[in-house]
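Before any comments, here is the structure.
Only the coordinates and a few stated rules stand behind these numbers; no lab work does. This one's a predicted model, so the numbers in the text were calculated from it and none came from an experiment. Cβ coordinates were reconstructed from backbone atoms using ideal geometry, including for glycine residues, and neighbour counts include every protein chain displayed.
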Amino acid sequence: MRKIRLTPLFFRRIHKWVGLILGLQFLLWALSGSVMALLDTDKVGGHGGGMSHAHPLPAGDYFDVAALPRHEPVTGIVLRDLGARPIYELRTTKGTRLVDATSGETVHVDEQMARDIASMMNEAPIRKVSVLAKPNLESRDHEGAMWRVDFADAENSSAYVSLDTARFLVMRGDSWRTWDFFWMLHNMDYVNRKSFNHPLIIFVAFGALWLSGTGFYLLFKSFSRADFRWLRRRRKPVVTRSAA
C-alpha cells in the first residue's frame, strides 16, 4: 500500500478540488441572497394584503358550556368568532372540536366553510379546493390536516385553513414560492427548508475553514527567497566616489 505523503503538492491538489466545490456553493449563496433581496417583500409575505378575518363577537345569550356533551375530557375552551358566528373551540385529549356558541351544535369544517374563511383573506375567484392530510412545504410551519384553497389571481395564491379549528393558517403565492426556492439554496436545507443548523451546512462550514487554512499554508510554501530579492536591492546603499 502506497504511503500518503503530506507534501505541499498533496495539499495543493486537494485544495484545488475543494475550492472548486465550495466555490460553486459560494456562487449559489451570492445568487440566492441577491434574488431574495430583490423580491418584493410585500408579495413574498403573502398574507392576503393585510386583510383580517377576525370579527367582534355579537351580543346576546350563549349556550351554557356546562351543558355541552362531554364525549372525552376537555382540557381547554376558547370562545372565538368564525366569521360573524361565535363558536366554542373545545380542546380535548383526542383533539379539537368546534361547537356553535349559540345553539350548542357541533360545527364541521367542510369545504364551503374553508371557502368562506379563505375568501375573507383574498377576494379573487376560487379555482380549486383540496384537503391535505399533513402540511406541505408551503404550510410547513403548521401542523395537522388542512384545507388548501387555490385562487385564480396573478400570484396563484393558496390559502391554508385548519381542518380541525377552521383557523386561517397562511397564504402563499408565486413570489413566496420563488423566494422559498432560493432560500433552500441559501441555507442548503433541501428537505425541510427550515434551518441553517443541519449537518450539510456544518460540513461545508468546516470545509471552508479547512480551505482557508490550507490556502494560508500554501501561500507561504509558494514563496522562496528569490521572490524577495527586489526588496534587498532597494535597501542596498548606493556608494558614490568623490573626484580626486
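Here is how the numbers come out for the structure above:
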| quantity | calculated |
| --- | --- |
| Long-range amide H partners of T102 with built H, under 5 Å | F63 |
| Separation of alpha-carbon centers, segment 188-206 and segment 75-118, rounded to whole Å | 39 |
| Efficiency of FRET between A66 and D153 - r from beta-carbon atoms, R0 51 angstrom, step 0.05 | 0.65 |
| Net charge contributed by nearby residues that have their C-beta within less than 10 Å of S130 (K/R +1, D/E -1) | 0 |
| Least to most buried among S119, S139 (fewest other Cβ within 10 Å first) | S119, S139 |
| Segment 47-172 - share of DSSP beta bridges that are antiparallel (%, nearest 5) | 100 |
| FRET E, pair F181, I14, Förster distance 30 Å, beta-carbon r, rounded to 0.05 | 0.40 |
| Peptides 29-41, 60-72 ordered by average Cβ neighbours within 10 Å, highest first | 29-41, 60-72 |
| Estimated FRET transfer efficiency when R0 is 30 angstrom, pair H108-F203 (beta carbons, to 0.05) | 0.05 |
| Zone of D40's modelled label, taken as backbone nitrogen in segment 140-162 under 12 Å from a point 7 Å along Cα→Cβ | 154-156 |
| Label-point gap, in nm, between N136 and V191 - each point 7 angstrom along Cα→Cβ | 2.1 |
| Sequence of V149, V129 once ranked by neighbouring C-beta atoms within 10 Å, starting from the fewest | V129, V149 |
